[in-house]
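Student: Please read through the structure below; I'll follow up with questions.
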Amino acid sequence: MNDTAIADIILTPSAAKRVAAIAAKQGKPAMLRLAVDGGGCAGFQYRFEMAEAPQDDDVVAETDGVKLLVDSVSLDLVRGSAVDYVENLGGAAFRVTNPNAASGCGCGSSFSV
C-alpha cells in the first residue's frame, strides 16, 4: 500500500462525505475503490465499489478520514484525476475528472486515452 501524493489522484470533500454516509449505512469502513476496466462505450470504464481494506498494490488518497483506493494498473489511466460526487437532474453519481482521457461519453462513466 502506498500513500499518494496529492497530484496522483484526489477525492473531493463532496465524494468523501457521500462515501462516509454509504459506509455508515452499510457498517463498512469508509473506503471507496476506483478501478478501470476495459469496455464501456468509449474503451475504458470506471468501476466504483466499497472496499474492506487496501490491497498491497493500492495507492491511497485520503480526504476527511475517507480513503480512495486505486490499484497501480488503474492509477496509470487516472493519474491526476479528481473523484467527485455530483447530484443533478440526471441523477447522482461519483464522477471522475480525468485529464488523461482523450474523449469520454455522454454518461460520464467511460473514456478513451
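The values are calculated or read from the model by the stated rules, or taken from the named source; none is laboratory data. Since the model is a prediction, treat every value here as computed from it, not as a measurement. Neighbour counts run over all protein chains shown; Cβ positions are idealised from the backbone, glycine included.
Student: Of all residues in the stretch 63-78, which are touching a residue at least 40 places away in the same chain (Cβ under 8 Å) and among the acidic types (Asp, Glu)?
Tutor: Within the stretch 63-78, 64 is the sole residue that qualifies.
Student: Just need a number here: residues in the stretch 44-81 that are part of a loop (DSSP other than H, G, I, E, B) and polar (S, T, N, Q). First the steps, then the outcome.
Tutor: So in the stretch 44-81, the residues part of a loop (DSSP other than H, G, I, E, B) come out as 51-57, 64-65, 79-80.
Within this subset, residues satisfying the condition of being polar (S, T, N, Q) are 55.
Going through the stretch 44-81 one residue at a time, the tally reaches 1.
Student: Does any residue in the stretch 79-98 that is charged (D, E, K, R) come within less than 7 Å, Cβ to Cβ, of a residue that is not in a strand (DSSP E or B) six or more places away or on a different chain, and which pairs are these?
Tutor: Correct list of pairs: 79/8; 79/100; 84/12; 84/14; 84/15; 95/108.
Student: Same structure again: Is there a residue being loosely packed, with under 14 Cβ neighbours inside 10 Å, at negative phi and in contact with a Cys (Cβ under 6 Å, 6 or more places away or on another chain) anywhere in the stretch 61-80? Please lay out each step first, then the result.
Tutor: Looking only at the stretch 61-80, we keep the residues that are loosely packed, with under 14 Cβ neighbours inside 10 Å, and these are 64-65, 72-73, 76, 80.
Checking which are at negative phi leaves us with 72-73, 76.
Applying the additional criterion that residues be in contact with a Cys (Cβ under 6 Å, 6 or more places away or on another chain) yields none.
There is no residue in the stretch 61-80 that is loosely packed, with under 14 Cβ neighbours inside 10 Å, at negative phi and in contact with a Cys (Cβ under 6 Å, 6 or more places away or on another chain).
Student: Among the listed residues 23, 35, 42, identify the single one that is at pLDDT 95 or above and in contact with a strand residue (DSSP E or B) (Cβ under 8 Å, 6 or more places away or on another chain).
Tutor: Numbers: 35 fails: at pLDDT 95 or above; 42 fails: at pLDDT 95 or above.
None of the others qualify; the one that does is 23.
Student: List the pairs whose first member sits in the stretch 1-28 and is more than 23 Å from residue 73 (Cα to Cα) and in a helix (DSSP H, G or I), whose second member is of a type in the set (Gly, Ala, Ser) and modelled with pLDDT under 95, and whose Cβ atoms are under 9 Å apart, counting only residues at least 6 apart or on separate chains?
Tutor: Partner pairs satisfying both residue conditions: 18/92.
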